[in-house]
Amino acid sequence: YNVHDCVGRDGRFAPGRIIAVLAEIEADLVALQEVTLDTAGGLIGRLEKATRLHAIDGSLFARGIGRYGNLLLTRDLPLSSRLHDLSRAGREPRGCIEAHLAPGGGRLRVFATHLGLQRGERLFQLGRLAAAVAASRRPALVLGDFNVWAGSAALGPLVRIGLRHRPVRSYPTWPVPIAALDRILAQPPLALARCRRHDSPLSRVASDHFPVVADVRLISSG
């Protein structure tokens, strides 16, 4: 969910609306992009208290009003986490949170990211992201705003290592969503049972992106 710095279509900074949208979804795992973490009221603390999820800070740089970047919220206490640097020289810093979880006693890797605006920049970042995912045989979920306008072929580096996804138009929230910028990708034995845009009266005004929501299941080997 790209929360647009918690600034809605009406130009108001309103973290409470983002929190209310997350309450509508009731997800076990949430990747947020474009988050300023040191705003008045302590956004990380507010999110953890409201959602009862554990927060993993993926901020990338300070921009005067606070640290800015990605945030991962997870129901399961993370076993470990790290931040991958996906920055390209001369461009805005970009990164990816990698978290290792153990839902239900299993093992799962989650990657949460927000890629750059230029095609060459994204290709560089996708290559680095694919290498990070391929570094382990444990199944992975990759979530984030990929800024991909030109179709799913642009995600080739991730598809070639076995990640699968279902494009959902999520941007902009007004007048109608036309681009599938926000994606959830699953690596077998994980599969996306359902993938959809969370479209509600509140989500239409809380950000310029709709949240993308997926039900993830484990494929039986039997």
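The values are calculated or read from the model by the stated rules, or taken from the named source; none is laboratory data. Small disclaimer: the values here were computed from a predicted structure and weren't measured. Cβ sites come from the backbone with ideal geometry, for glycine too, and all protein chains shown count toward neighbours. Quick note on the areas: whole protein, heavy atoms, side chains included, nothing else; ligands and nucleic acids left out. Shrake-Rupley method; radii C 1.70, N 1.55, O 1.52, S 1.80 Å.
A few remarks follow.
- Fraction of beta bridges assigned by DSSP in the chain that are antiparallel (%, nearest 5): 85
- When the Cα positions of V159, L117, L79 are compared along the charge dipole of the chain, V159 comes out farthest toward the positive end, with charges on each C-beta of Lys, Arg, Asp and Glu.
- Working note: Debye formula, equal point scatterers on the alpha-carbon atoms of the chain, no solvent; log10 I(q)/I(0) at q = 0.12 Å⁻¹ is -0.59.
- The Rg/Rh ratio for the stretch 26-120, using Cα coordinates for both the radius of gyration and the Kirkwood hydrodynamic radius, is 0.99.
- In this view, the solvent-accessible surface of D10, computed with a 1.4 Å probe and all protein chains in place, comes to about 80 Å².
- At R0 = 30 Å, FRET efficiency that the Cβ-Cβ distance of H100 and R204 yields, to 0.05: 0.30
- Exposure check, 1.4 Å probe, all protein chains in place: S81 carries approximately 70 Å² of accessible surface.
- Evaluating 6.51 cos²θ - 1.76 cosθ + 1.60 at θ = phi - 60° for every residue in the stretch 2-12, the Karplus couplings come out as 7, 8, 6, 6, 6, 9, x, 4, 8, x, 8 Hz, glycine and proline recorded as x.
- With the simple spin-label model, which puts each label point 7 Å out from Cα in the Cβ direction, the E26 to A135 separation comes to 3.7 nm.
- The helix-based estimate of mean residue ellipticity at 222 nm for the chain, built from -39,500 (n - 2.57) per DSSP H run of four or more residues and divided by its residue count, is -5500 deg cm²/dmol to the nearest 500.
- Value of relative contact order over the stretch 81-222, rounded to a whole percent, pairs C-alpha under 8 Å and six or more apart: 17
- If R0 is 22 Å, the Cβ-Cβ spacing of A193 and R9 corresponds to a FRET efficiency of close to 0.10.
- Label-to-label distance, nm, for residues given as I178 and R52 (7 Å Cα→Cβ offset): 4.2
- Residue-wise HN-Hα couplings along the stretch 160-175, as the Karplus relation 6.51 cos²θ - 1.76 cosθ + 1.60 with θ = phi - 60° gives them from phi, are 5, 9, x, 6, 10, 8, 10, x, 9, 5, 10, 9, x, 7, 8, x Hz; Gly and Pro carry x.
- Carbon/sulfur fraction of accessible area - the chain, other protein chains in place, 1.4 Å, %: 52
- The label-point distance for S80 and R166, in a model that sets each label 7 Å from Cα toward Cβ, rounds to 3.3 nm.
- Heavy atoms of E24: accessible area, 1.4 Å probe, square angstrom to 10: 80
- Mean accessible surface per residue for the chain, computed with a 1.4 Å probe while every protein chain stays in place, in Å²: 47
- Based on Cα contacts under 8 Å between residues 6+ apart, the stretch 28-112 shows a relative contact order of 26 percent.
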